[in-house]
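Coordinate-derived values only; no laboratory data. If you're wondering where the values come from, they're calculated on a predicted model, not measured in any experiment. Every residue, glycine among them, receives a Cβ derived from its backbone with ideal geometry; neighbour counts consider all protein chains shown.
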Amino acid sequence: MLRMVLKRLMLAIPSLIGVVIVTFLLTRALPGDPAAYFAGPAATEEAVAQIRKQLGLDQPLPQQFVRYVSDLSRGDMGVALTTGQPVAAEIMSRLPASAELTLLGLIVSVLIAVPLGILAATSPGSMIDHTCRIVTTAGVSLPVFFTGLVLVYFFYYQLGVAPAPLGRLDVYFSAPPQITGFYLIDSLIARDGETFVASLKQLILPAATLAIFALAPIARMTRASMLAVLGSEFVRTARASGLSPGTVIVTYAFRNAMLPVITTLGMVFSFLLGANVLVEKVFAWPGIGSYAVEALIASDFAPVQGFVLTMAVMYVMLNLLIDVLYGLIDPRVRIEA
Amino acid sequence: MSDATATPAAPTHGIGAILRHAQYVIGENKVTGFAFGLFLLIVLAALIGPYIVPHDPLASNTSAALQGPSAKYWFGTDQLGRDVFSRVIVATRLDFAIAIFSVALVFLMGGLAGVAAGFFGGWTDRIVSRIADTIMAFPLFVLAMGIVAALGNTVENIILATAIVNFPLYARIARAEANVRREAGFVQAARLSGNGEFRILLGHILPNIMPIMVVQMSLTMGYAILNAAGLSFIGLGVRPPTPEWGIMVAEGAAFMVSGEWWIAFFPGLALMLAVFCFNLLGDGLRDIIDPQRRT
Amino acid sequence: MTAAIPNAPAEVPLLDVRDLTVEFSTRRGAVQAVKHVDVTVGKGETVAIVGESGSGKSVTSYAVMRILDRAGRIADGTITFGGVDVGKAGEREMRDLRGREISMIFQNPRAALNPIRKVGHQIEDVLRQHAQAGSDDSKAKAIAILEQVRIARPDERYHAFPFELSGGMCQRVVIALALACRPQLLIADEPTTGLDVTTQKTVMDLVVELTRQRGMSTILITHDLGLAAAYCDRVVVMEKGRVVETANSHAIFSAPNHPYTRKLVRATPRLGVTLSDLLPEEEGVARKASRASNGANGANGAGHASSDEQPLLVVEGLVKEYPRKDTGGGSLKSLFKRNGAATAPEGPPPVFRAVDGISFSVRRGESVGLVGESGCGKSTTSTMVMRLIDKTGGQILFDGEDIGAIPARQFARLPLRKRIQMVFQDPTESLNPRFTAVRAIADPILRMGESMSAKAVRARCEELATQVGLPLEFLDRFPHQLSGGQKARVGIARAIALKPDLVILDEPTAALDVSVQAVVLNLLQDLKEQLGMSYLFVSHDLNVVRLLCDRVIVMQAGRIVEEGPTEKVLGAPAAAYTRELLSAIPHPPL
């Protein structure tokens, strides 16, 4: 098992190298003079020259790359033009907000989608099967920002049950003392029930938006893979051996059906991390997505680059986690490693 | 495959048989028929939309700003008094064009690279797979953001970025399909019949992969529209006042909390219907091509 | 319920199927897969249900277990098992019956086991379900059962996952699973299809021994009449959903009653028959007469071949090596491998010799059989001779020219290409799904033939179709609109389109039903005589080789263990391995 994890870690390295190269090339592909870009529109000629030197842009590309990598290894992602703050620090402080939102969205969608897919597969043609089909087809067609706005309109403007879509916490509350950075957890640790409820209220709509978005691919895959497994020969053998439906579905079908679903989670994460940017904009969520969007509007490239890199590294790590999870279930991967 | 024997009387020549089968599937499956109708509507709006809309999509009229849906303004007006209905219809052409071009581009890049990788193996395969893996290491929308931000804020770059992030999907499907056919009996038989490798690739393997790729194209059309609209929603690509669904939703977003729902709602609805249509159509096409792989 | 069974009067059969009709609802309405079938199985009796594909033999057994697909239902008739009316029994009652009173083994043993559960646990699941063991003794019982099916080191194998076991070992586990609760009836659904003949014998002997020991009844479902007659007391023959004949296995071969049974019996290759004997009576007689007048009689018509002229094909010291792959390999793992090709530098990869220095020759007009079990290297050899893959060492001389030295990729463009052709194992897979029959036959003519008008090509294809007995109206159909036999004819027409000198037949009838096989084998023989081609016939089926070949080469583990005239090798084999192969063929009582 440990060998498998180590082996998989080794295999994540080429991906990470690829990610670093691509983000580096993206900066260098900026139209015009990157130095002028970084210096901002109002900079003088000398200022641009100075920045060029400062950024090492007067050196050949390989040397620039070495410099870029060594900066990164020291946790230096450059400085945001608009705020003057180091990008890395800003991203670190905003990361928990994004992570809390994305994880809650994922958990909710898995909790709904997996049972829905299983029930649909075990009773084809039933009401729940049709519900599942509608949910999956409609779900993948919903633009995530549109879902968010419609939810805001109904639950905030019409019904008035949701708070205004303005960040993680109502202005009357102060953030709980930071331990994990997740307000839900931190407020529980601080035994602050009111803050917990207030931050949960803020979280519900954006998390629901993400959950609706992630629901479709998970439910669709669960249903399809459960159907495939239920039609497989070993399930037929299990049935022909008189095993109870519970044993057949849980021990024989479900565990096997989860393997493709876990693989799908990789794709779901890819979608979720992207959707997260849009949801953060809709709900003015102070995460790294809205940080990147603000920087984009201000043509401030360093934060965007830092954001792309952070997201990619997180995504590589999540995929690693998925593979380890896969290995936990599937002995074929575990033993052969 | 077994399904095709259902129409034994049908003449066996390509298009006729496919059309007959399509007719059968659409007749059988009303949802696909509905999607096809919707598709025709979208194409129509894209082609003649700008000539039939009741109002100029760009003309602002502050006296008529923020009016709800009415007989005069079917979908209401926005903060500048522009007719939302006209803007939604006119936007069809741009959104549709972005999707078509990016899908065509990725089909050419990813499809051909993948087929070559799967068929020839070796270095071709290693290079294509490495490129695909590197792109796959990014969350796709995030990479698209990065590409558009770096290359410049234009519609062309939106198309390119959408094509690039879809590259791995096409390359992998084409690669896998070509790979399983590489040593298939009919390919070996083609070698025995004196076909060179390139002729086998183009004459025997590609035609057999095309149906699968067409289904994929239909399914990714929806994703391409979503991706492009998402990028313009956060301010990349298309610039105001150009009518485009994503940017219109973005413009209307602020008014959602004050109750002027129609500004963002109708373009969002149009976006949703278009994506829905392509997804249903993709599923329907898959049924036509392979009735056994229904989900 | 179960206690009542042993006390049942002796004359009451254990299983009594009466007037069974099974319907499947399809998009085109209800289809009857089984029509008014009667089958009885007495206590301790072994009954075979034999039929070609689509005869309804498997569906009948699924109905007995009540494990039909959702779309299928018992439309009519009764199934009584030990006094229980299976058609009316509740689902709970059926569950108690399955595995404990009736159990089943399936065709593909590896797919029949849960891939991510230890085999020992899978046996325990069944034991506990039927209260045959508690949590304290279930492990010991599972190990004991593994031992009974002769699995070596059962206490270790208890912890194995299916992918860690060989195919034969998996089949033993499946048998263990089926026999764990000592049921009264075992249904074996094509238990040995796809297995080598020696493995087939081991598995069948084991099943027979264990069921006899336990006094169990057995239903063997198979397409192989010979296997059925060799192992069963009675044979039930099914055709298109109906039982056409039931007889004891002696009678079925010596005096088949129903015309279909007669056809099936005739078409089954066996000792002492010629090719034309396989065909239905009238056709066979006509064929025999025409063959006699041609001066060639059946298989041994090697009249064209004269020993002094230079052989058409000479293979010398042929070697093929492959880098040894890791055992097994899940999809994820192969994915990893592709991602990180450079991560595992574990010394030079050891090689695996698929073909280990073999030499043989084929004369003009001769037909040579290349036989052996799966993995013996026979297909690798034929693919190298075919020039589809490159050799590692040795020589392949075709008409005196060393074609082995020409890289496979270039060979397709040489004029020599059209002189060596091939008929593939799977007629479906060997036809491009998007080409019509005529386009497929025309392919070699268009690529390598003399240039001719479209009309002339069409005419030539029609000529070929007539030659292989394919009605012309099928020429414009796509493969999925043709039957297996018709597809085989298209493949043969394509192979002979340019009048090759050597045709390699790679198990050309392995995917066909036995009656179609008989027709195709005769066709191949006729074509050889008409066109004077040489055949290299690759097969695992010694009975078929016996019919078609003048000489036989027996391969094992990449080497030739014996070669010589068919009569001699198969009549008085010198090598122990050949004897083992021959004795493993089920011999029906004649």
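In chain B, which helices (entire DSSP H runs) extend 18 Å or more along their own long axis, judged by Cα positions, while averaging at least 0.5 on the Kyte-Doolittle scale? Answer set is B:14-28, B:30-52, B:84-106, B:206-233, B:262-289.
What is the protein assembly as shown by shape, rounded, prolate or oblate, if you read a ≥ b ≥ c off the alpha carbon gyration tensor as root eigenvalues and call it rounded for a/c under 1.5, prolate for a/b larger than b/c, and oblate otherwise? Because a/c hits 1.5 or more and a/b exceeds b/c, the protein assembly as shown counts as prolate. Taking other C-beta atoms within 10 Å as the exposure proxy, C:85, C:136 rank C:136, C:85 from fewest upward. Taking Cβ atoms as reference points and 9 Å as the exclusive limit, the residues near residue B:228 contribute a net charge of -2, counting Lys and Arg as +1 and Asp and Glu as -1. Helical runs (DSSP H, four residues minimum) scored at -39500 (n - 2.57) apiece and divided by the length of chain A put the mean residue ellipticity at 222 nm at -24000 deg cm²/dmol. For region C:34-94, just say rounded, prolate or oblate: build the C-alpha gyration tensor, square-root its eigenvalues into a ≥ b ≥ c, call rounded for a/c under 1.5, and beyond that prolate if a/b exceeds b/c, oblate if not. Judged from the Cα gyration tensor, region C:34-94 comes out oblate (a/c at least 1.5, b/c at or above a/b).
Between residue B:108 and residue A:69, what FRET efficiency comes out of the Förster formula 1/(1 + (r/R0)^6) with R0 = 41 Å and r the beta carbon distance, rounded to 0.05? Efficiency for this residue pair is about 0.75.
For residue B:195, the shell of other residues with beta-carbons less than 11 Å away shows a net charge of +3, using +1 for Lys and Arg and -1 for Asp and Glu. Given axes a ≥ b ≥ c from the Cα gyration tensor, I'd like to know whether region A:93-280 is rounded (a/c under 1.5), prolate (a/b larger than b/c) or oblate. Prolate, because a/c is 1.5 or more and a/b exceeds b/c.
Dividing the mean sequence gap of close Cα pairs (under 8 Å, 6+ apart) by how many residues region A:1-157 holds gives a relative contact order of 9 percent.
Residues within the reach of a label modelled at residue C:359 (point 7 angstrom out along Cα to beta-carbon, backbone nitrogen below 13 Å), restricted to region C:393-414, are C:394-397.
The order of B:261, B:245, B:74, going from fewest to most other C-beta atoms within 10 Å of their C-beta, is B:74, B:261, B:245. With the simple model of a label 7 Å out from the Cα in the direction of the Cβ, residue B:70 to residue C:408 spans 7.7 nm. Mean residue ellipticity at 222 nm, helices only, chain B: -23000 deg cm²/dmol; runs of at least 4 DSSP H residues each add -39,500 (n - 2.57), and the sum is divided by the number of residues. Distance from the Cα centroid of region C:115-178 to that of region A:230-281 is 26 Å (rounded to whole angstrom).
A simple count of charges around residue C:34, restricted to other residues whose Cβ falls under 15 Å of its Cβ and scoring Lys, Arg +1 and Asp, Glu -1, yields -1. Spin-label pair residue A:189-residue A:297: with each label point 7 Å from Cα along the Cα-Cβ axis, the two points sit 3.3 nm from one another. A Förster distance of 45 Å, applied to the separation of the beta-carbon atoms of residue A:83 and residue C:121, puts the FRET efficiency at 0.15. Which lysines have a Cα less than 19 Å from the Cα of residue C:391, not counting those fewer than 8 places away in the same chain? Answer for residue C:391, where 19 Å is the Cα cut-off: C:320, C:325, C:378, listed by chain and number. Take every Cα pair under 8 Å whose residues are at least 6 apart in sequence, average their separation, divide by the length of chain C, and the relative contact order is 14 percent. Cβ-to-Cβ counts within 10 Å put C:205, B:125, A:323 in ascending order as C:205, B:125, A:323, the fewest first.
Mean separation of Cα pairs under 8 Å and 6 or more residues apart, divided by the residue count, gives chain A a relative contact order of 26 percent. The distance from the alpha carbon centre of region B:113-145 to that of region A:145-220 is 38 Å, rounded to a whole number. Going 7 Å from the Cα of residue A:42 toward and past its Cβ, which residues in region A:285-306 have a backbone nitrogen under 20 Å from where you end up? Only A:295-303 fall inside the zone, counting backbone N under 20 Å. Residues whose amide H falls under 5 Å from that of residue C:511, counting only those 5 or more places apart or on a different chain, are absent, with hydrogens built in the peptide plane. Between residue A:3 and residue A:127, the modelled labels are 5.3 nm apart [label points 7 Å from Cα along Cα→Cβ]. Between residue C:147 and residue C:583, the C-beta separation translates, for a Förster distance of 35 Å, into a calculated FRET efficiency of about 0.85.
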